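The values are calculated or read from the model by the stated rules, or taken from the named source; none is laboratory data. Bear in mind that the values here come from a model prediction, so they are computed numbers and not experimental data. Positions of Cβ are backbone-derived with ideal geometry, glycine not excepted, and every protein chain shown enters the neighbour counts. Only protein heavy atoms, including side chains, enter the accessible area calculation; ligands, DNA and RNA are left aside. Shrake-Rupley method; radii C 1.70, N 1.55, O 1.52, S 1.80 Å.
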Amino acid sequence: MAKPPLPIAPLSARPLVAPSTLETPLCELHEVSVSYGARLANDGVSLRLQPGEVVALLGENGAGKSTLLHALYGLVGVSGGQVRYGGAAVVPSPERAIAAGIGLIHQHFLLVPRLTVAENVVLGKEPTRLGMFDLPRAVSEVQATCRRFGFLHGQGAPGGVAGKVPAASS
C-alpha cells in the first residue's frame, strides 16, 4: 500500500523568502562527490545556499543527506567537485565554515547529551564573557535565532533551549 503524500502548505501560507540570484551565495557545492572506499555516497551533487535561506534536504535513510552536509562543513573529504564559501573555492573545514557564517547542527546521535540544547547549538563558536562560557548569552542567541526563523524553540526539549538534550528513545 502506497503512503499518502505529505501535505504541502499553499504558497500563500509559506513565508516569502526570495534571495537574489545576483547575490553571492553563502556556500555552494558544485558537482561534489563523496566516496567511502569503493562506495559512492554522493555523485556530482550541486547545491547553492543564499544568505538567510533555510533549506530542507529530504530523502530515504542512506541517501547521502548527512554525508553531503558533512562534506560542506569539512567533516568528510570530497572526492570530486568543488566547495565554495562566499564565492571562493575552499578546502572545507569546520573552522572555515564557522568563519564564513555556516553552522551545522548534527542529528541526535552526534549531540553531546550532557550539554544543553543551546550549548550543542553554539558548540564550536561559544559566546564568552570574561574568558568564560556565557550560557545566558548562548540561550538568548539561540532563542533569537529560533524566533528569526519561526522555529518553536521549546518544543520537544524539556526546559526549551536551556534544557538538556532529550535521551533518544528506542
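Here are a few things to note about the model shown:
- When the stretch 33-61 is limited to residues that are under 30 Å from F151 (Cα atoms) and of a type in the set (A, V, I, L, M), the one that is modelled with the lowest pLDDT turns out to be V54.
- Selection from the stretch 27-45 of residues that are open to solvent by 30 Å² or more (accessible area, probe 1.4 Å) and either of a type outside the set (V, I, T) or in contact with a Lys or Arg (Cβ under 7 Å, 6 or more places away or on another chain) (or both): H30, E31, S35, Y36, G37, A38, R39, L40, D43
- Considering V32, V83, the condition of being among the hydrophobic types (A, V, I, L, M, F, W, C) and touching a Ser or Thr at 6+ places or on another chain (Cβ under 9 Å) is satisfied by V32 alone.
- Residue among R147, R84, R137, R96 that is modelled with pLDDT under 85 and not in a loop (DSSP other than H, G, I, E, B): R147
- Every residue from the stretch 116-134 that is closer than 25 Å to L57 by Cβ, open to solvent by less than 80 Å² (accessible area, probe 1.4 Å) and part of a loop (DSSP other than H, G, I, E, B): G124
- Enumeration of residues in the stretch 46-69 that are open to solvent by 40 Å² or more (accessible area, probe 1.4 Å), within 17 Å of H30 (Cα to Cα) and either touching a residue at least 12 places away in the same chain (Cβ under 8 Å) or assigned to a strand (DSSP E or B) (or both): S46, L47, R48, L57, S66, L69
- Single residue of the stretch 77-113 satisfying the filter (in contact with a Gly (Cβ under 6 Å, 6 or more places away or on another chain) and not aliphatic (A, V, I, L, M)) that is surrounded by the most Cβ atoms within 10 Å (Cβ to Cβ): P92
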